[in-house]
Each structure stands twice: as C-alpha cells, then as structure tokens.
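Before any comments, here is the structure.
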Amino acid sequence: MTVIRLASGELMLHSPCNITAAMAEGISALGSVAHIVVPGNFHHLHAASAQAAFAGAKTWICPGVERRAPGLEYDEVLGDVAPGDWAGEIDQVLVRGARIMREVAMFHRASRTLILVDLIENFTDATPHTGGALKFLFKHILRMWNNPRPAPEYRMGWSDRKAAAESLRRILAWDFQRIVLSHGDLIERGAREVAIRAWSGILEG
Ligand SMILES: [Fe+2]
C-alpha cells in the first residue's frame with residue numbers, strides 16, 4: 001500500500017493492504033482518507049477492509065476489477081485522465097494491451113515518484129520474506145532475480161503490443177526519479193533506466 005497526501009491534506013490509499021485497527025489509527029493521524037484506489041485488477045483483495053476502516057472515502061477502481069470482484073462496491077472507474085480530485089498533482093495512464101492484466105500507473109509530481117502495481121516486480125537478495133520456493137521460482141524459472149521485469153502474468157501475453165508500447169511510452173514521458181511498486185524492493189536509483197530495461201521487450205516491439 002502507498003499512502004499519498006494530496007495538497008488539500010486529504011489522503012489517498014493506493015492498493016490497500018489489510019487495514020488493522022492499529023494501522024487505521026496510524027493513517028488517521030496523518031490525515032483524512034478521501035480516496036481508496038484499487039489500481040490493478042489483481043489488487044482488490046483488501047479494498048473492502050479499507051472501506052470498512054474509512055467509510056467516508058470514495059473508491060476508485062481500475063477497469064476490470066468490477067468483473068474480478070463483483071461484490072466490491074465502488075464509486076468511480078479510473079481512466080487515462082486524472083479526475084479533478086487529484087489533477088495537477090497525480091497523473092495517470094491506463095495500461096492497455098495486456099491479455100489478463102490491467103493496471104493504472106500513477107505519477108506523483110511533487111515527489112517525482114512513479115507508482116506501479118505489477119508492471120515491474122523487483123526481487124533481490126535484500127527483499128524480505130523471499131526464500132525457498134519463491135526464490136527458486138524467480139531466480140531459476142522466471143529469471144527475475146536481481147532483474148526487474150513485469151509480473152509473470154504480464155509476460156504470459158500481450159493482446160495488443162502496439163497499445164502496450166504506447167502506454168509504456170506515456171509513462172516514460174513522466175519525469176520520475178523513483179519507482180514504488182507492489183512486489184519487491186522499491187527502485188530508488190536509476191529508475192528510468194530500470195524501467196526501460198524492464199520493458200525493453202515490449203518497447204522494441
Ligand atoms: Fe500484483
């Protein structure tokens with residue numbers, strides 16, 4: 001989960017994790033939660049716990065979440081254009097062209113941070129809770145150890161490579177210097193080069 005403070009002081013919970021009582025208290029100390037963002041079609045599992053903890057917040061979903069989680073209540077569907085609620089502070093791109101994955105990438109201008117869900121995973125020796133079978137899988141089968149790449153579900157196929165490349169190029173047009181992602185270590189150095197390398201297969205067509 002990423003917590004973003006908007007200029008208004010209100011908070012956005014991006015890709016919420018399970019919100020415990022202690023966590024809800026900690027978040028409330030930071031500000032009032034106005035937005036719950038479900039940014040990927042595989043990242044809806046804990047949205048309901050965020051809704052329960054912050055009943056006044058508006059829920060925004062990535063297209064496709066309504067099919068994968070039909071019981072989840074939501075207010076708005078995210079697209080390519082930032083809504084008035086955060087326009088000018090956070091930009092967004094709906095990533096098209098993948099067979100099963102959908103996500104909305106975001107760029108927080110003030111911190112020059114690119115916020116992804118599954119478009120880059122980054123598992124290394126420093127990543128906590130990654131041993132045994134997971135390490136074997138990522139290192140020897142997927143070859144994604146110390147080698148940031150899109151999630152395996154992306155690599156299972158692109159339905160429209162041109163549309164995917166176009167989405168990635170729109171993301172690369174943002175002036176980001178770090179990448180926050182959902183799986184693995186955050187990317188604090190050489191972020192642009194890491195993204196270009198991770199997406200080279202699709203960018204090069
Ligand atoms: Fe994921």
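Throughout, read-outs are computed from the coordinates displayed, never taken from laboratory work. Please read these numbers as outputs of a predicted model, since none were measured by experiment. Note that we place each Cβ from the backbone using ideal geometry, even for glycine, and neighbour counts take in every protein chain shown.
The table below lists the values:
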item: Lys, Arg +1 and Asp, Glu -1 on Cβ, resulting dipole of the chain about Cα centre, debye, nearest 20; result: 760
item: Packing-based exposure ordering (other Cβ within 10 Å, fewest first) of VAL37, VAL180; result: VAL180, VAL37
item: Cβ crowding within 10 Å averaged over residues, with 112-122, 190-200, 66-76 ranked highest first; result: 112-122, 190-200, 66-76
item: Structure-based [θ]222 nm, the chain - -39500 (n - 2.57) summed over DSSP H runs of at least 4, per residue, nearest 500; result: -6500 deg cm²/dmol
item: Radius of gyration, Dmax [the chain; alpha carbons; angstrom]; result: 16.7, 47
item: Percent of C-alpha pairs per 10 Å bin, segment 19-140, short to long; result: 12, 34, 37, 16, 1
item: Between helix 161-172 and the chain: long-axis angle, C-alpha atoms, 0 to 90°, nearest 10; result: 60
item: Given charges at Cβ of Lys, Arg, Asp, Glu: segment 1-106 dipole, positive-most of ALA29, LEU45, MET1; result: LEU45
